[in-house]
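Here's the structure, in structure tokens; my notes come after.
The values are calculated or read from the model by the stated rules, or taken from the named source; none is laboratory data. What you see is a predicted model; the values in this text were computed from it and never measured. Quick reminder, even Gly has a Cβ in these numbers, built from the backbone with ideal geometry, and neighbours come from all protein chains shown. For accessibility, only protein heavy atoms count, side chains too; no ligands or nucleic acids. Shrake-Rupley method; radii C 1.70, N 1.55, O 1.52, S 1.80 Å.
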Amino acid sequence: MNKYTLPLNTGSEIPQLGLGTWGVDKIDDLEKLFNIGIQCGYRHFDSASMYHNEGLTGKVLNQHIGNTVSREDIFVTSKLANNAHATKRLKPAIIQTLKDLQLDYLDLYLMHWPMATFDHGMQAYDLEELKVSYVETYQAMEALQQEGLTKAIGICNTNTQQLNRLLSECNIKPAVVQMEIHPYLTQEKIINYCKDHDIVITAYSPLGAPHRPWRKEESPVILEDKIVKKIAGKHQKSAAQILLRFAIQRELTVLTRSVNPDRIKQNSEVFDFALDADDMVSLLNLNRNFRGMNYSGALDHPDHPFREGIDN
Ligand code: NAP
């Protein structure tokens, strides 16, 4: 499975399918995720300081590096927390992440949100620090790549207007843009933008993140969608496998997450079948611009990427 990679504009490669660690807080769950994941061929792992589990993740990852996998064989992403956007905080933040993950370098360091905020259980500093713009923060991230602390940089949860500013005001093009993408939020505009500018897109929450703590009872559940289930029946695959394959055929990298050994394995078995053109159209037609992650607590922030009226 790890032979399926996409080229990055840095000259290296990113495995198409990855495993995320959001909400995986117990060491035995992280052990399942990495032990079964590596056995099943996953080589791409997604972490973040704001997940508050990088110390435990590092303990587990460290048991594998030099044992079941070499450092060069795996692709590890982490993300800059919203409270560490002030330029003086960036280097200490990445060094803490590297220490926690027990790594010498990251393969990819992403700005988690293009807004400085003090929330998500993060320490608050001087309010002045919240005035820093995502452009200044990104410019400071460039130095981290130049110093070799990360091989590539990028951003999550953004829009094409913000990307335009980064491309015109910064020196290093983002290698990756990580966004929520699934059939209820198909994101054609930013995907096309990134393809035109040689930026790889990573789809997160491809199964609709049914585990998100703020999910409302009445919210649509993609894994239960009639069309998705019908396509699954036709290919004798599960709904989750169809959703992952959909992202792969759109030439995206895609992250899922599971702490269930059968599902970790099942989710890796998405390279032995193909959706046909009709399936792809049916899935694209399910779009309803439904966002599971809209960071509603910061909607009044001037750089909120998904504020009403913004054409993403
Ligand atoms: P996801 O993969 O859409 O959903 C994960 C959920 O689906 C878990 O509750 C999991 O339950 C369940 N699941 C997994 N495989 C399944 C299967 N085969 N059948 C049925 N249910 C299944 O969501 P996600 O965790 O939001 O996204 C993946 C990763 O992307 C995250 O872990 C994180 O690393 C990253 N991410 C990044 C951002 C960002 O802002 N940059 C935001 C969200 C996520 P079990 O664990 O019980 O199997």
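Observations on the structure shown:
- Whenever a residue of segment 83-102 is on the phi > 0 side of the Ramachandran plot, its partners that are modelled with pLDDT of 95 or more and not aliphatic (A, V, I, L, M), lying with C-beta atoms within less than 6 angstrom and at least six residues away or across chains, give the pairs GLN102/GLY58; GLN102/ASN62.
- In segment 70-86, the residues that are part of a helix (DSSP H, G or I) and either closer than 13 Å to MET50 by Cα or of a type in the set (Val, Ile, Thr) (or both): ASN82, ASN83, ALA84
- Strands (runs of 3 or more DSSP E) contained entirely in segment 103-200, each with at least 1 residues that are under 15 Å from LYS91 (Cα atoms) and open to solvent by less than 10 Å² (accessible area, probe 1.4 Å): 108-111, 153-156
- Hey, ILE27 within 25 Å of ASN260 (Cα to Cα) and out of contact with any helix residue (DSSP H, G or I) (no Cβ under 9 Å at 6 or more places or on another chain) or not: no
- The residues of segment 269-286 that are in a loop (DSSP other than H, G, I, E, B) and surrounded by 16 or more Cβ atoms within 10 Å (Cβ to Cβ), listed by number, are GLU269, VAL270, LEU275, LEU286.
- Taking each residue of segment 176-198 that is under 23 Å from ASP107 (Cα atoms) and looking for partners that are surrounded by fewer than 15 Cβ atoms within 10 Å (Cβ to Cβ) and of a type in the set (A, V, I, L, M) with beta-carbon atoms closer than 9 Å, six or more apart or interchain, yields HIS197/LEU167.
- Selection of segment 38-48 for residues being touching a residue at least 60 places away in the same chain (Cβ under 8 Å) and either within 12 Å of the ligand (Cβ to nearest atom) or not small (Gly, Ala, Ser) (or both) yields CYS40, TYR42, HIS44, ASP46, ALA48.
- Residue in segment 26-34 that is assigned to a loop (DSSP other than H, G, I, E, B) and either surrounded by fewer than 23 Cβ atoms within 10 Å (Cβ to Cβ) or of a type outside the set (Phe, Trp, Tyr) (or both) present: yes
- The residues of segment 201-213 that are within 8 Å of the ligand (Cβ to nearest atom), at pLDDT below 95 and open to solvent by 10 Å² or more (accessible area, probe 1.4 Å), listed by number, are GLY208, PRO210, HIS211, ARG212.
- Residue among LYS88, LYS79 that is under 26 Å from GLN123 (Cα atoms), of a type in the set (Lys, Arg) and within 12 Å of the ligand (Cβ to nearest atom): LYS79
- Failed item, numbered, when GLY41 is tested on (1) open to solvent by less than 20 Å² (accessible area, probe 1.4 Å); (2) at negative phi: (2)
- Filter result for TYR105 (aromatic (Phe, Trp, Tyr), touching a residue at least 40 places away in the same chain (Cβ under 8 Å) and farther than 30 Å from ASP300 by Cα): yes
- Candidate set from segment 1-25 (those that are of a type in the set (Ser, Thr, Tyr) and assigned to a loop (DSSP other than H, G, I, E, B)); member that is most open to solvent (accessible area, probe 1.4 Å): TYR4
- Considered as a group, the residues in segment 214-239 that are farther than 27 Å from SER296 by Cα and either touching a residue at least 12 places away in the same chain (Cβ under 8 Å) or among the hydroxyl-bearing types (Ser, Thr, Tyr) (or both) include one that is most open to solvent (accessible area, probe 1.4 Å), and that residue is LYS234.
- Only one of the listed residues (ASN62, ASN83, ASN67) is of a type outside the set (A, V, I, L, M, F, W, C) and surrounded by 21 or more Cβ atoms within 10 Å (Cβ to Cβ). That residue is ASN83.
- Take the conditions (1) among the aliphatic types (A, V, I, L, M); (2) under 25 Å from LYS189 (Cβ atoms); (3) more than 15 Å from the ligand (Cβ to nearest atom); MET115 misses just one of them, which is (3).
- Selection within segment 214-242 - within 11 Å of the ligand (Cβ to nearest atom) and either charged (D, E, K, R) or more than 22 Å from PHE273 (Cα to Cα) (or both): ARG215, VAL221, GLU224, LYS237
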